[in-house]
Amino acid sequence: MSHSQVSCTIPVLGALLRSLSSLGEAGVELFFAISGLLICSRLLEEESRCGQISVRGFYVRRFFRILPAALFYLLVIAILAAFHAIPLSAMDWFGSLFFFRNYLMLLEYLHHSPLAMHWYTGHFWSLSVEEHFYLVLPAMLVGFKKLRLWVLGGLALAIAFWRSILAHIIHSNHQFVFRTDTHVDALLIPAMIALVLYPLARNKVAKRYLPAWSLPVFVGLEICLLTFRIPFSFTFRAILTPLLILSAVLHPNAIAGRILEFKPLRWIGWISYSLYLWQQLFFGVNFVGSPPGIAVLRAWPINLVALMVCATFSYYAVERPFVRLGHRLVPGPAKGAAPSKGAPSAAPSLTPAYAGLASARMLNSVYEGRDQQSARERPL
């Protein structure tokens with residue numbers, strides 16, 4: 001939303017749209033934090049069980065996790081564009097396919113390109129940032145085993161200072177939200193927190209540092225950071241959001257934990273990636289209008305039904321089969337397998353936990369070691 005130059009002649013509507021934009025921004029930060037925590041924790045789990053991290057295995061599983069569903073969506077919108085049902089830029093489409101869509105946002109902003117032309121692939125900016133993070137994290141964990149925390153911290157600090165230099169010295173703050181070089185610390189910092197808390201959580205010590213009552217405190221601080229823009233607010237939110245998540249994940253019997261265990265929320269968590277991919281096709285009428293060819297599908301509540309149908313089909317027909325294929329091609333460590341010589345003590349098997357926070361439900365299993373679902377069924 002924030003890359004559009006939305007002007008409203010009705011003050012109340014303008015305030016409402018700004019509030020919705022802030023909520024959308026918080027949602028992106030939430031899922032970046034989930035990804036940073038979860039991916040780093042899973043790699044640490046693999047290292048604990050096997051004695052090393054398989055970089056090849058990681059990328060094969062990521063390929064089959066991310067690409068098939070994304071390609072399916074891109075194929076559908078390409079067909080719609082070919083029949084003139086929606087506007088679509090070829091450069092945007094290829095930028096989404098090869099994960100440089102986030103930097104095309106900068107060009108669109110500088111050239112005042114119409115938002116409607118770029119809407120249907122605009123959300124791929126966040127997927128692009130995540131993919132760039134995936135290129136960095138395994139290499140750092142493997143290549144700097146004894147210095148990994150310092151290397152990740154140094155990179156996150158460098159990005160924070162780079163962002164500050166751009167904003168206050170060069171006065172070029174174009175599209176901070178969308179650029180990897182100014183926003184990937186939203187994933188790096190949660191990964192650092194995972195590195196610090198992983199051994200503590202295994203020994204059940206982390207709960208002492210993040211008690212259940214800390215959740216409302218973190219929520220309140222998050223609201224303050226969204227409401228009042230302070231220096232280094234990006235960095236503070238990158239620290240705060242994963243702590244907020246963990247304060248819920250580490251206490252499954254607390255109120256928040258019980259809410260997130262609600263079965264409909266867990267199911268929404270499983271299909272959340274497909275929901276992310278398809279929502280742009282059916283929502284956003286207030287910002288870009290609706291092409292005549294799909295206007296009916298973008299009207300409430302038909303758009304919600306259409307989104308759920310497409311996301312459900314994408315999950316069961318595309319996502320899950322290819323995730324299973326990825327796990328068959330590169331299987332993880334067998335349940336109960338002994339670690340390699342010299343490796344840390346093997347941790348219990350992973351299990352999904354808290355699908356109501358999308359993949360964050362898995363974090364609890366990484367830290368608690370319960371085994372409820374086989375690796376072939378995991379949506380990662």
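A short reminder: the numbers here are calculations on the coordinates, not readings from a lab. In this text, all values refer to a predicted model and were calculated from it rather than measured experimentally. Because the Cβ atoms are built from the backbone with ideal geometry, glycine has one as well, and the counts that use them run over all protein chains shown.
For Ile86, the residues whose amide H sits under 5 Å from its own are Ala81, ignoring neighbours fewer than 5 places away on the same chain, with H placed 1.01 Å from N. The peptide list 184-197, 115-128, put in order of mean Cβ contacts within 10 Å with the highest first, becomes 184-197, 115-128. Spin-label model, Ala158/Ala82: points 7 Å from Cα along the beta carbon direction are separated by 4.4 nm. Between Gly51 and Ser340, the built amide H atoms are under 5 Å apart, and every one of these is 5 or more places off in sequence or on another chain.
A simple rule links phi to the HN-Hα coupling: the Karplus curve 6.51 cos²θ - 1.76 cosθ + 1.60 with θ = phi - 60°, which for segment 219-236 gives 4, x, 5, 4, 5, 4, 5, 6, 7, 10, 7, 10, x, 6, 5, 4, 5, 4 Hz, with x for Gly and Pro. Comparing Leu115, Ile86, Ser54 along the charge dipole axis of segment 16-259, the residue lying farthest to the positive side is Ser54, per the Cβ-charge model.
Given Cα pairs under 8 Å that are at least 6 residues apart, what percent is the relative contact order of segment 79-154? Contact order relative to length: 28 percent.
With the charge dipole of segment 16-259 set up from +1 on Lys and Arg Cβ and -1 on Asp and Glu Cβ about the Cα centre, the Cα lying farthest toward the positive end among the listed residues Leu137, Pro68, Leu97 is that of Leu137. Residue-wise HN-Hα couplings along segment 143-155, as the Karplus relation 6.51 cos²θ - 1.76 cosθ + 1.60 with θ = phi - 60° gives them from phi, are x, 10, 4, 8, 10, 4, 5, 5, 5, 4, x, x, 5 Hz; Gly and Pro carry x. Residue-wise HN-Hα couplings along segment 65-76, as the Karplus relation 6.51 cos²θ - 1.76 cosθ + 1.60 with θ = phi - 60° gives them from phi, are 7, 9, 5, x, 5, 5, 5, 4, 4, 5, 5, 5 Hz; Gly and Pro carry x. With contacts taken as Cα pairs under 8 Å at a separation of at least 6 residues, segment 16-259 carries a relative contact order of 25 percent. Report note on the peptides 33-46, 272-285: ranked by the mean count of other C-beta atoms within 10 Å, highest first, their order is 33-46, 272-285.
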